1. With the requirement that a residue be surrounded by fewer than 22 Cβ atoms within 10 Å (Cβ to Cβ) and either closer than 28 Å to Y56 by Cβ or under 18 Å from the mean Cα position of the chain (by Cα) (or both), what does the range 214-234 give you?
2. Give the residue that is nearest to V230 (Cα to Cα), with candidates limited to residues of the range 276-292 that are touching a Ser or Thr at 6+ places or on another chain (Cβ under 7 Å) and assigned to a strand (DSSP E or B).
3. Which of (1) more than 15 Å from the chain's Cα centre (by Cα); (2) buried (at least 24 other Cβ atoms within 10 Å of the Cβ) is the odd one out, the single condition T315 does not satisfy?
4. For the range 306-336, which residues satisfy the criterion of being over 14 Å from T296 (Cα atoms) and not in a loop (DSSP other than H, G, I, E, B)?
5. Which of (1) within 22 Å of P166 (Cα to Cα); (2) buried (at least 18 other Cβ atoms within 10 Å of the Cβ); (3) among the small types (G, A, S); (4) at pLDDT below 90 is the odd one out, the single condition A323 does not satisfy?
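The values are calculated or read from the model by the stated rules, or taken from the named source; none is laboratory data. Computed from a predicted model, the values in this text were never measured in an experiment. Note that we place each Cβ from the backbone using ideal geometry, even for glycine, and neighbour counts take in every protein chain shown.
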Amino acid sequence: MTSLGPSHVRNLLVRGTNWAGDTVISLPAARELRRIFAHARITFWAPENLAPLVAYAGVCDDVIAIPSHQRDPFTRSFRMAKRLAAYSFDMVVLFQNAFESAFTSWLAGIPVRAGYPTDLRGPFLNLKIPFPKNIRGVHQVFYYLGITDFIESLWPGSGPTRRDDPDCRIQFRPQDVEAAAALIAALGGAGEAPWFCLCPGSANSEAKRWPPDYFAKLADALTEKLGAQVIFCGAPSEAPLIDRVISMQKRPGAINLAGKTDMLGMMGVMSLAQMVVSNDTGSAHLAAAASSKVLTLFGPTSPGATAPLGATSYTIQGAAPCAPCRHFKCPKPDHPCMRNLTPAMVFAEIESLLMQEDSCSRSRP
């Protein structure tokens, strides 16, 4: 196995993750694969809804999308294995930590199958990445970089080692930023008002959601005290939740962007925002990838391992004796960790961060 060097891998497959936030967090590792296998054609294998994000990030040459309508994992594995086999891949690197991806890669006959041997995947992998003992004590970005670090260690002299400052940002094209501005104008956005994007949804956990009435109160405070244009962002399925939040507001003029643009369009809007305020979900990571100033609201989860990365990423934590708990739905009727994080506290944090930014701007020569 170790005799197979980077120059022998001409056709590399990477199984991406299933969530937007994890996809953003895995970008530094994907860029490491591009560096290690500099002469290889790299194809990402990713869910259909994330394929445009992966392609735009510029980490691959091609994307094989997993159709969203294929629900049965057994049938999906055999159908996908047939598709993958037609590409004659030399190697697959599994970022996604699931049995199905390893099994499918084995069915496809890919010669080298690399990944962590967790979730009963060991028999289907022939390049088993040692699982770091301290992985739960560091940021998740190093979970993916642990894979690429180990792969590179097998072949000394393959290039310089990675830097210690992982970068999850995605460079947006000027025309796409202009399109985002035009979209908000078409939806009735105030021309000169500073934009604030609020993200009240969370697809993978209801417990992560800050209360809708709190988002409404924060939106009113931003409008009244900062003269802001409030733009609510989210997936199309979150449009009803956002409509509910807007119905609770006292001040009109907020825009519901959910369902009116795609993921990249939403990121373009975020890139123009004064700040993004989001639950601990994919929206926060997409904002960080768009180089936005983002404040992520934490309650049942801890920011240490999963907070968005970047110099303009900040967190605020709701305190409760039962937190963190990682429940999908809070078992307590009052959702204390999130209720204890009041709109006044969040608004004060926003003002503080904006003042820091203004102070830094004035101090520059």
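1. Hits for the range 214-234: nothing passes.
2. So the residue we want is V276.
3. (2)
4. Once the filter is applied, which keeps residues that are over 14 Å from T296 (Cα atoms) and not in a loop (DSSP other than H, G, I, E, B), the range 306-336 yields only P336.
5. Every listed condition holds for A323 apart from (1).
Each row is one residue, and each column tells you yes or no for (1) of a type in the set (D, E, K, R); (2) at pLDDT 95 or above; (3) assigned to a helix (DSSP H, G or I); (4) under 20 Å from L354 (Cβ atoms).
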{"residue": "G189", "(1), (2), (3), (4)": "no, no, no, yes"}
{"residue": "A203", "(1), (2), (3), (4)": "no, no, no, no"}
{"residue": "Y214", "(1), (2), (3), (4)": "no, yes, yes, yes"}
{"residue": "D220", "(1), (2), (3), (4)": "yes, yes, yes, yes"}
{"residue": "I246", "(1), (2), (3), (4)": "no, yes, yes, no"}
